[in-house]
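Every read-out reported here was derived from the displayed coordinates using simple, explicitly stated rules and does not represent laboratory data. What you are looking at is a predicted structure, and each value in this text was computed from that prediction instead of being measured. Every residue, glycine among them, receives a Cβ derived from its backbone with ideal geometry; neighbour counts consider all protein chains shown.
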Amino acid sequence: MTKDRVTVASPATLSNLGSGFDVFGLALNEPFDVVDARRTSERGVVIDGIEGRGAESITRDSARNSAGAAALAVLEGANADFGIALTIKKGIRPCSGIGSSGASAAGGAYAANLLLDDPLPLEEVVRCAAQAEQVTSGSFHADNVGPAVMGGLTIVKSYEPFRILRMDVPDDFGVVVTMPDVLVDTKEARKALPTEVPLKSMVFEVGNAASLVLGMCRGDIALIGDSMRDIVVEPARASLNPHLLEAEQAARAAGAAGAFLGGSGPCMIAIYDRSVGDGRAIASAVRDVYASNGIGSDTWITHAGQGCRRL
């Protein structure tokens with residue numbers, strides 16, 4: 001029987017995880033976007049509507065909208081003989097640092113794939129979503145769309161040829177997301193990145209990235225947190241994210257195993273061991289940092305998620 005309509009939840013994600021720039025990504029359980037897709041007889045993709053957080057700032061031009069571009073990439077990759085109309089409900093504010101455009105791209109690609117009579121492999125769905133991310137961020141990267149589609153922790157092994165791997169996350173891996181009322185544009189944040197990296201810094205980053213994966217395999221939250229150190233990307237973006245270092249220090253003092261800048265920012269991410277705490281003290285400590293500087297913030301206490309799912 002022909003599938004005519006699907007609704008998909010596509011989650012927020014954490015990219016980089018400190019030491020794994022453009023390589024590591026982690027799906028969260030919440031917040032998430034909701035993407036509704038229906039078949040149309042005319043080929044191509046149209047955006048019927050966008051609502052929710054920051055909807056007024058998002059284009060309905062399907063060629064420049066990450067969900068629309070991703071859905072179109074899937075249809076073209078599958079040589080589909082139909083089109084799609086999308087409705088997007090944003091649960092993730094744009095310019096948040098937790099994969100807002102990535103969630104929409106992943107949701108559009110995943111929904112389009114569900115409508116195909118012969119669905120594409122998930123890795124190809126990720127590639128289509130990453131292709132759409134290039135529209136909004138100016139670069140082809142899969143550290144947000146990968147986990148949004150596949151769930152858990154994803155590792156981009158290589159971009160040419162494109163290959164992405166997935167692994168499970170320890171059950172005790174807790175996450176506190178704090179989003180201050182500050183906007184950071186991904187394109188601008190990428191302009192701040194260094195064009196050259198000293199060999200000593202590269203060795204530091206690779207060592208931490210490797211030990212982070214080992215910590216995931218062992219279920220060692222302390223090792224994971226200690227491995228989320230970055231001396232290359234985060235320092236370059238710190239000036240765009242006010243009070244970041246203070247917030248990270250407050251999180252660690254309140255019991256976080258590690259703290260880092262979420263994507264381009266402004267979200268500050270702290271991880272903790274769910275077997276020894278509930279994350280509320282960490283969330284409160286970080287909120288207090290921003291509040292004392294006259295900045296409001298939203299907080300989620302969450303954990304790793306399964307990625308895109310059909311509702």
In Å, what is the Rg of the alpha-carbon atoms in the chain, and how long is Dmax?
-> 18.7, 58
Any number yet on Rg/Rh for the stretch 173-303, C-alpha, Kirkwood?
-> 0.97
Mean-position separation - Cα centroids, the stretch 50-123 and the stretch 217-242, in angstrom = 29 Å
Kirkwood Rh over Cα pairs of the stretch 66-132 into Stokes-Einstein at 25 °C, 0.890 mPa s: D in µm²/s?
-> 209 µm²/s
Percentage of Cα-Cα pair distances in the stretch 18-73 greater than 13 Å, rounded to whole percent?
-> 70 percent
Dipole of the stretch 37-138 (Lys/Arg Cβ +1, Asp/Glu Cβ -1, origin at the Cα centre): which of Leu75, Ser104, Gly54 lies farthest to the positive side?
-> Gly54
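Can you pull out the GluC sites (Glu not before Pro) in the stretch 1-74 whose DSSP state is coil and whose Cβ has at most 16 other Cβ atoms within 10 Å?
Values: sites: Glu42, Glu51, Glu56; in loops: Glu42.
The qualifying sites are Glu42.
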How do 117-126, 263-272 rank on mean C-beta neighbours within 10 Å, highest first?
-> 263-272, 117-126
For a quick protection proxy, order the peptides 157-170, 96-109 by their average other-Cβ count within 10 Å, most packed first.
-> 96-109, 157-170
Nearest-20 debye value, the chain charge dipole, Cβ charges on Lys, Arg, Asp, Glu | 180 debye
Spatially close lysines, pair count over the chain: Cα under 28 Å, gap of eight or more or interchain = 10
To the nearest 20 debye, the stretch 173-303 has a Cα-centred charge dipole, built from +1 on Lys and Arg Cβ and -1 on Asp and Glu Cβ, of 140 debye
Could you give the C-alpha radius of gyration of the stretch 5-167 expressed as a fraction of 2.2 N^0.38 Å, taking N as the number of residues it contains?
-> 0.92
